[in-house]
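Worksheet: the structure to be examined is printed underneath.
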Amino acid sequence: MGLALSLLTACTAPTQKPLSVTSPAASSLEAADSSAASKTPYRAGRFALVIDTEPQQSFLSTFDLTGGWPEGVLTIYNPLGMQMARVEWTPQTARLLQGKQVRQFENLEKLIFQTTGTQLPAAALVDWLSGKPTPAEGWNVDVSEWHLNRLVLERVQPAPRTVLRIAFES
């Protein structure tokens with residue numbers, strides 16, 4: 001959720017192709033991006049994030065996800081449809097693209113931790129955005145709205161309480 005928070009507060013930039021980076025890790029991501037580009041988005045939808053802090057924080061965004069765990073691409077858009085950020089990952093590396101800024105990490109877990117300052121269940125987060133109600137320690141996974149293509153996730157431990165609502169496009 002902190003990753004979403006960080007990505008939602010990023011600068012807005014028009015959709016663009018990721019920057020070319022010459023490191024060996026970037027080559028594996030470019031190969032993953034090429035294979036992912038040939039697929040239709042695995043999932044697309046909207047998410048709302050509410051964090052019970054003082055004052056309460058809330059965010060709304062749309063996303064599309066190509067791939068999944070352990071390899072994929074997540075693109076996050078602002079409410080006007082402009083690309084805010086793109087996260088690309090493989091088992092060997094991960095990178096965050098925000099406008100012209102590219103940050104490289106060893107893996108998705110480290111990207112999330114370095115970006116948000118907190119440990120989040122990376123594999124479960126990707127599964128949730130893929131429409132899979134994967135259990136994760138400290139989180140309640142509510143599938144009671146699944147017939148409406150919705151998934152509700154609530155972090156109960158550690159504080160602060162966080163609620164992520166995902167609505168998938170049919």
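The numbers here are math on the coordinates, done by the rules we state, and not lab data. Model, not experiment: these values are computed from the prediction. Heads up, the Cβs are rebuilt from the backbone with ideal geometry, glycines too, and the neighbour counts pull from every protein chain shown.
Calculate, in nm to one decimal, what Gln114 and Ala44 gain on full extension: separation in residues at 0.36 nm each, minus their alpha carbon distance.
Difference between extended and current length: 22.7 nm.
Leu80 versus Val156, label points 7 Å from Cα toward the beta carbon: distance in nm?
4.1
Could you please report the charge total around Leu96, scoring K, R as +1 and D, E as -1 over all other residues with beta-carbon less than 10 angstrom from its beta-carbon?
Its environment carries a net charge of +2.
Under the rule of at least 5 residues apart or a separate chain, name every residue whose amide H is placed under 5 Å from the amide H of Tyr42.
Residues meeting the amide H criterion: Leu65, Thr66, Gly67.
Hand me the GluC sites (Glu not before Pro) from segment 75-136 located in a DSSP loop with no more than 15 other Cβ atoms within 10 Å, in residue order please. Before the final figure, lay out the partial values.
On the way: sites: Glu88, Glu106, Glu109; in loops: Glu106.
Answer by residue number: Glu106.
Where the centre of each part is set by its Cα atoms, how far does segment 119-169 sit from segment 46-86, in angstrom?
13
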